[in-house]
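The structure appears below as structure tokens.
The values are calculated or read from the model by the stated rules, or taken from the named source; none is laboratory data. Fair warning: this is a prediction, and the values are worked out from it, not measured in the lab. Backbone-built Cβ (ideal geometry, glycine too); neighbour counts: all protein chains shown. Remember, those area values only see protein heavy atoms, side chains included, never the ligands or the DNA or RNA. Shrake-Rupley method; radii C 1.70, N 1.55, O 1.52, S 1.80 Å.
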Amino acid sequence: MVKHQPLQVYERQLCLSCITGIYGCRWKRYQRSHDDTTKWELLWSLILLLTFCLLLVWFYFWWEAHNDYSEFNWFLYNRSGEWSDGTVPILATTAAGFTYIAFLIVLALCHVALGQQLNLHWLHKIGVTVALLTTIIGVISVNQTWAQEWDVIPISLQATGPFLHIGALAAVTALSWIVAGQVTRAEKMMFQVVVVLLYVSVLLALYMVPLHITSPCIMDPATLKPRPNVIGHQGAPMLAPENTLWSFQRALQMNVTGLEADVAISMDGVPFLMRDLTLRRTTDVEKVFPDRQMDEASLFNWTDLQQLNAGRWFLKDDPFWTVHTLFQHEKERIANQTVCSLEQLLKLASYHNSTVVFRLRRPPPKHPCYDSWINDTLQAVRQSGVPQSLVMWTPDENRTQVRQLAPDLIQTSVVKRSHQILQQSGISSLLLRYNQVSREEIGNFSEAHINLTLYTVNEPWLYSVLWCSGVSSVSSEAPHVLLKVPYPIWLMRPNEYCLAWVSADLISFAVVIGIFIFQKGEERSWQCRGALWRQLRLLRQSGHQPVISASQDENNTTQRSRHSSLSV
């Protein structure tokens, strides 16, 4: 026998229908349920939350890694042999995946707030699985090929930590509305205790997080050291082809204090500027010498190198997406650039009284200058006429002999050593990647009067953190950006930060307590109205007609409407 129930009329709730429809494809009213969520769906909710947290870290990593996008693309080029901007597809897929997962998280929270059963549609489950697996593969790939870049996260937290803490605190405080609603409506005491304990634990942890937030920008402004000098790394490679004469001239136009270049030695002993092992990426060697395009750059003599064009590739590949900002006469000059020699660079630096630091690459074993590469480079320095006090000498080989032949060179190490060893070796300058030193080590080098230069610094936030840390100079591919930073992006006294931290915690605590009290009172009010409605219904069924006030009648109408909209 089939039991038929009388038809029931429900109010149309467009917002609720959209939420349940998008999340679980439950568009019809009778498909909604107020039953407890199944354990299987709870598991998928946890997977969704895990995916969101992992994607949040992944998205933050690539957002802050913007400082090293060119380094990442160069790594890809060395592996594949083809130049392309590999950050574009990564950023596009990361942004799309994060937006999608964040949207599902918001829908899940709406379900919880409205008391609806969580029932993620199978298409969304596939999407969540794809997002999770893709992110895990990406993390593993970065860890294997670019592991040093993970250091950007703790370094960036020195600049963003205080603000991320305020944002996280605001988000968790807002969640108290949902948590309080679940606790007040729950019938099991154990469930209430577990939810409250978990929420309070997270909240207290956030309250105490500032105890572990350290930033050099939390300091007395009176102790701020002078602005770090900016050295043009390969000139101004975002505005001109790297390691060309025009690139260094553009950097000098921006009043940089130094120039940095990569040096190789030709077959006939001429030091020239080239970062890559081959000439394929930055010259037209495939047109001029098609049979030798895969040969190492140091296997060409200087006469052959002068026949190559070193500028057209920049206009074609647009590695930094800046070609559209150049004037026509600049493009014409770029198109006529050739391979630059070390002597040309030193003469230019001497004319502008600018410091030069170069990384010298030793030629292969069968090269004619394999044994004389140090002497060939010293000869180029002497022929240029540049004052030795403007040249930072980096090779460790034969450093004692170099000091005897050219005593005024600035002895520079590219290997991290303690300041005691550097002083004993007669080294007065240090060139390191920005993630290789801590704030304490920067202070030790400064006290030992060792000039510390960190590379490659392109973003204002990183420049500000290093400025507050006391770094004396930085090497940058974007000197036109850093030289527009007149002061650290933010600077806060310790007592000001402590006041902001305590105030935010107190406001959050007051809001959470107020929300819990309000939710408890609201739930009791609904319970009283429900009891009154049940009493009135019993009286009507018994044949009595109670006399009620206008306010009671309005409450009854509201309760009836709420009851009809939630019943199935």
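Out of GLU187, GLU149, one residue alone is over 19 Å from ALA504 (Cβ atoms), of a type in the set (D, E, K, R) and open to solvent by less than 70 Å² (accessible area, probe 1.4 Å). It is GLU149.
From the list ALA380, ALA349, the one residue that fits, being open to solvent by less than 90 Å² (accessible area, probe 1.4 Å), of a type in the set (Gly, Ala, Ser) and farther than 30 Å from GLU459 by Cα, is ALA380. Of the residues making up the range 206-243, those that are in contact with a helix residue (DSSP H, G or I) (Cβ under 8 Å, 6 or more places away or on another chain) and among the polar types (S, T, N, Q) are THR214, SER215, GLN234. Candidates are the residues of the range 364-376 that are open to solvent by less than 20 Å² (accessible area, probe 1.4 Å) and in a helix (DSSP H, G or I); the one that is farthest from THR453 (Cα to Cα) is TRP373.
For the residues GLN344, GLN388, the requirement of being open to solvent by 10 Å² or more (accessible area, probe 1.4 Å) and in contact (Cβ under 8 Å) with a residue 24 or more places away in the chain singles out GLN344.
Every listed requirement among (1) at pLDDT 95 or above; (2) in contact with a helix residue (DSSP H, G or I) (Cβ under 6 Å, 6 or more places away or on another chain) is met by ARG362 save one, (1). Screening THR223 with (1) modelled with pLDDT under 95; (2) in contact with a Gly (Cβ under 8 Å, 6 or more places away or on another chain); (3) hydroxyl-bearing (Ser, Thr, Tyr) gives one miss only, at (2).
Farther than 30 Å from ALA108 by Cα, out of contact with any Lys or Arg (no Cβ under 8 Å at 6 or more places or on another chain) and surrounded by 12 or more Cβ atoms within 10 Å (Cβ to Cβ): does that describe ILE218? It is false that ILE218 is farther than 30 Å from ALA108 by Cα, out of contact with any Lys or Arg (no Cβ under 8 Å at 6 or more places or on another chain) and surrounded by 12 or more Cβ atoms within 10 Å (Cβ to Cβ).
Tallying residues that are more than 18 Å from GLN234 (Cα to Cα), out of contact with any Asp or Glu (no Cβ under 7 Å at 6 or more places or on another chain) and not β-branched (Val, Ile, Thr) within the range 295-314 yields 9. For the range 141-159, residues that are touching a residue at least 40 places away in the same chain (Cβ under 8 Å), over 15 Å from HIS66 (Cβ atoms) and of a type in the set (S, T, N, Q) total 3.
Identify all residues within the range 321-335 that are open to solvent by 50 Å² or more (accessible area, probe 1.4 Å) and within 26 Å of ASP85 (Cβ to Cβ); write none if there are none. Don't jump to the end; show me each part of the working.
The first filter runs over the range 321-335 and keeps only residues open to solvent by 50 Å² or more (accessible area, probe 1.4 Å), leaving 321, 324-325, 327-329, 331-333.
Across the range 321-335, the qualifying residues are TRP321, HIS324, THR325, PHE327, GLN328, LYS331, GLU332, ARG333.
When LEU197 is tested against (1) in contact (Cβ under 8 Å) with a residue 40 or more places away in the chain; (2) hydrophobic (A, V, I, L, M, F, W, C); (3) loosely packed, with under 12 Cβ neighbours inside 10 Å, just one condition goes unmet, and that condition is (1). For the range 105-140, the set of residues classified as assigned to a loop (DSSP other than H, G, I, E, B) and closer than 24 Å to THR93 by Cα consists of LEU120, HIS121, listed by residue number. Just give me the residues in the range 77-118 being acidic (Asp, Glu) and loosely packed, with under 13 Cβ neighbours inside 10 Å, in sequence order. Hit for the range 77-118 is GLU82, nothing else.
If you go through the range 352-363, how many residues are hydroxyl-bearing (Ser, Thr, Tyr) and open to solvent by 20 Å² or more (accessible area, probe 1.4 Å)?
The number of residues fulfilling the criteria is 1.
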